[in-house]
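Colleague: I am attaching a structure below and will ask some questions about it afterwards.
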Amino acid sequence: MDIRGKSCIAGIYEHPTRKAPDRSLAQLHAEVASGALADAGLSFSDVDSFYCAGDAPGLGGMSMAEYMGLKLRHIDTTETGGSSYVIHVNHAAAMIAAGKTDVALITLAGRPRSEGQATGTAPRIYDHNAPDVGFEAPYGPTVVNMYAMAAMRHMHEFGTTSEQLAWIKVAASTHAQYNEHAMLRDVVTVEDVVNSPMIADPLHRLDCCVISDGGGAIVMTTPEIAKSLGKPIVKYLGGGETIKHLDAGNVDLTYTGARHSGAAAFEEAKVKHADIKYASIYDSFTITVLETIEDLGFCEKGQGGKFVSDGNLISGVGKLPFNTDGGGLCNNHPANRGGMTKVLEAVRQVRGEAHPKVQVPNCNIALAHGTGGSIGTRMGSATVILGQEDA
Amino acid sequence: MPQAEYIHPPINPETKEFWDAAKEHKFLVPKCPDTGKHLWFPRRVSPFTGKTNVEYVPGKGTGVVYSYSVMRRTASPYCIAYVTLDEGPTIMTNIVNIDYDEVKIGMKVKVTFKDLNDEAALPLFEPA
């Protein structure tokens, strides 16, 4: 079934908080849901499907559906870490096209900063029954050193440098200066990045994303309902998703699942790379962006370092404006999951509602990509392509 | 320097044979008997055939470093790595008994064991 153009994103909301000691997790979910519905001109009573992931408190979506008083005919609690919400957009698009839901609500929220999590540097066992855990956890895998091993291998095979990775942070910080809510608004240089403390070779502190509280939500609906609501139309054009893993020991850390999810999204959307005016790329670390850009096909494998250099990701300067909200590297990373905010900024760009200093002119087609789990082991990768009404 | 403290591996009915051998400082590698392919991590059901017949066979305990990273932001820095075994699979481990600045991708390494307690010993790798 062709689902291109058969659903729209009608409402979005990003919580302005970056530290929320005064709110509960459930409250954050409800506030972002309410905000996205208000943006669409809808309310809790209009929602007939709910999508959430492991950050939602309670079993699956049950407690939050009850909190918000939702009356549902479809639910989806697909969990792939930070990419879950991009997958939720894909699944909601399919279900709207199939007539199984008319108004889909997707939420994300978390407060790791208030809870004092050492998100990136402390090894921990998430699930004692995970079959990999006994053969990995004892060795001290953390979020940072696992992504670092991908970077180390990419450098070894392709000659990628720390300075090239640093350009990704430079671009994000250039955008973040215009975002009043961003945690880090100072524009940094390549030297600032490579001279920041080494966390896990070869990744420096400024190669890493922020830890923040907050959240976001998306409302999707049919094209007919979307047109009745009066907001600029943001059409779903295509998507893709996959899980990439260590393949029984056939390990290759130089590419991500974006190779598969991106190809599927481009095919479904019937667009070419040159058509993409803006891209939200999950930026847990600079290396995440570099590998993803290659895997999505914006440049050849191994050429990502050259591609991201010299401001090529800066809006108004380079060929591929990315993460114009400042991304995870500078703006926020609520619940340690960045897929939601990637979609939100892509929607703003297509609507023409990004900050004027970073808005891409005539942004009729945009892409958002999420990476969940770890590019150093196993990841859920998801891509979505969005467009204006005539795209 | 190894890690200051190791997380102990959860041992279950599927992996007990591997850990029992490790306790005796023997390094086993899972092998699918139908395809003849070694695989990692240890499991009984073959991802190649779907059959519950994976065997844990003695490994040479030698390989080369595929990638690594030295965790600096911790009380006791340690080197996490992927090592490609001579049998084929690439596995997660720590590189020990070396100045971390000397670790290189492609360097030859061999297995050594760290006794955690009476229950388990952990296979690590050191320069060959």
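The values are calculated or read from the model by the stated rules, or taken from the named source; none is laboratory data. What you see is a predicted model, and the numbers here were worked out from it, not measured in a lab. Every residue, glycine among them, receives a Cβ derived from its backbone with ideal geometry; neighbour counts consider all protein chains shown.
Colleague: Please list, ordered by first then second residue, the pairs with beta carbon atoms under 7 Å, 6 or more apart or interchain, first in the stretch A:343-371 and closer than 17 Å to A:Asn332 by Cβ, second aromatic (Phe, Trp, Tyr) and part of a helix (DSSP H, G or I).
Modeller: Close Cβ pairs satisfying both conditions: A:Val343/A:Tyr85; A:Gly370/A:Tyr85.
Colleague: For the stretch B:15-50, what are the residues that are surrounded by fewer than 17 Cβ atoms within 10 Å (Cβ to Cβ), part of a loop (DSSP other than H, G, I, E, B), of a type outside the set (Gly, Ala, Ser) and out of contact with any helix residue (DSSP H, G or I) (no Cβ under 7 Å at 6 or more places or on another chain)?
Modeller: Within the stretch B:15-50, B:Glu24, B:His25, B:Pro33, B:Asp34, B:Thr35, B:Arg44, B:Phe48, B:Thr49 qualify.
Colleague: How many residues does the stretch A:343-363 hold that are part of a helix (DSSP H, G or I) and over 17 Å from the mean Cα position of the chain (by Cα)?
Modeller: Within the stretch A:343-363, residues that are part of a helix (DSSP H, G or I) and over 17 Å from the mean Cα position of the chain (by Cα) number 1.
Colleague: Go through the stretch B:94-114 and count every residue that is in contact (Cβ under 8 Å) with a residue 40 or more places away in the chain, assigned to a strand (DSSP E or B) and not aromatic (Phe, Trp, Tyr).
Modeller: The total comes to 6.
Colleague: Follow-up. Kindly indicate which of A:Tyr255, A:Tyr278 is among the aromatic types (Phe, Trp, Tyr) and within 14 Å of chain B (Cβ to nearest Cβ).
Modeller: A:Tyr255
Colleague: Does A:Ala26 satisfy the condition of being buried (at least 19 other Cβ atoms within 10 Å of the Cβ), among the small types (Gly, Ala, Ser) and under 23 Å from the mean Cα position of the chain (by Cα)?
Modeller: Taking the combined requirement at face value, the residue does not satisfy it.
Colleague: Kindly indicate whether A:Ser63 is hydroxyl-bearing (Ser, Thr, Tyr) and without any contact (Cβ under 8 Å) to a residue 12 or more places away in the chain.
Modeller: no
Colleague: Looking only at the stretch A:77-98, how many residues end up being buried (at least 22 other Cβ atoms within 10 Å of the Cβ), over 19 Å from A:Asp283 (Cα atoms) and touching a Lys or Arg at 6+ places or on another chain (Cβ under 6 Å)?
Modeller: Summing the residues that are buried (at least 22 other Cβ atoms within 10 Å of the Cβ), over 19 Å from A:Asp283 (Cα atoms) and touching a Lys or Arg at 6+ places or on another chain (Cβ under 6 Å) in the stretch A:77-98 gives 0.
Colleague: Continuing with the same structure: Among the listed residues B:Ile7, B:Ile91, which satisfies the condition of being within 12 Å of the chain's Cα centre (by Cα) and not polar (S, T, N, Q)?
Modeller: B:Ile91
Colleague: I would also like to ask the following. Sort through A:Leu246, A:Leu184 and tell me the only one that's at pLDDT 95 or above and touching a helix residue (DSSP H, G or I) at 6+ places or on another chain (Cβ under 6 Å).
Modeller: From the options A:Leu246, A:Leu184, the qualifying one is A:Leu184.
Colleague: Sticking with this structure for a sec: Which fully enclosed helices (runs of 4 or more DSSP H) of the stretch A:69-182 have 1 or more residues being more than 20 Å from A:Val193 (Cβ to Cβ) and of a type in the set (Gly, Ala, Ser)?
Modeller: Result: A:84-97.
Colleague: Return the only residue of B:Asn53, B:Asn12 being surrounded by fewer than 17 Cβ atoms within 10 Å (Cβ to Cβ) and closer than 22 Å to A:Ile125 by Cα.
Modeller: B:Asn12
Colleague: Right, next: Within the stretch A:197-230, which residues are in contact (Cβ under 8 Å) with a residue 12 or more places away in the chain and either surrounded by fewer than 19 Cβ atoms within 10 Å (Cβ to Cβ) or β-branched (Val, Ile, Thr) (or both)?
Modeller: A:Ile199, A:Val210, A:Ile211, A:Ile218, A:Val219, A:Thr221, A:Thr222, A:Pro223, A:Ile225, A:Leu229, A:Gly230
Colleague: Out of all the residues in the stretch B:1-31, which are within 10 Å of another protein chain (Cβ to nearest Cβ) and among the charged types (D, E, K, R)?
Modeller: Residues satisfying the conditions are B:Glu5, B:Glu14.
Colleague: Tell me, which helices (runs of 4 or more DSSP H) lie completely within the stretch A:253-342 with 2 or more residues that are more than 13 Å from the chain's Cα centre (by Cα) and at pLDDT 95 or above?
Modeller: Correct list: A:258-269, A:286-296, A:304-308.
Colleague: If you don't mind, there's one more thing I want to ask. Can you say whether B:Ile91 is facing chain A (nearest Cβ under 10 Å) and in a loop (DSSP other than H, G, I, E, B), as far as the supplied structure shows?
Modeller: Answer is no for this residue.
Colleague: For the stretch A:125-161, name all the residues that are within 23 Å of the chain's Cα centre (by Cα) and either more than 8 Å from chain B (Cβ to nearest Cβ) or not hydroxyl-bearing (Ser, Thr, Tyr) (or both).
Modeller: A:Tyr126, A:Pro141, A:Val143, A:Val144, A:Asn145, A:Met146, A:Tyr147, A:Ala148, A:Met149, A:Ala150, A:Ala151, A:His154
Colleague: Filter the stretch A:185-218 down to the residues that are away from every other protein chain (no Cβ under 14 Å), outside any helix (DSSP H, G or I) and either hydroxyl-bearing (Ser, Thr, Tyr) or more than 29 Å from A:Gln117 (Cβ to Cβ) (or both) and list them by number.
Modeller: Listed by number, the residues that qualify are A:Thr189, A:Ser212.
Colleague: Collect the residues in the stretch A:276-307 that are in contact (Cβ under 8 Å) with a residue 24 or more places away in the chain and among the aromatic types (Phe, Trp, Tyr), keeping them in residue-number order.
Modeller: Once the filter is applied, which keeps residues that are in contact (Cβ under 8 Å) with a residue 24 or more places away in the chain and among the aromatic types (Phe, Trp, Tyr), the stretch A:276-307 yields A:Tyr278, A:Tyr282, A:Phe285, A:Phe298.
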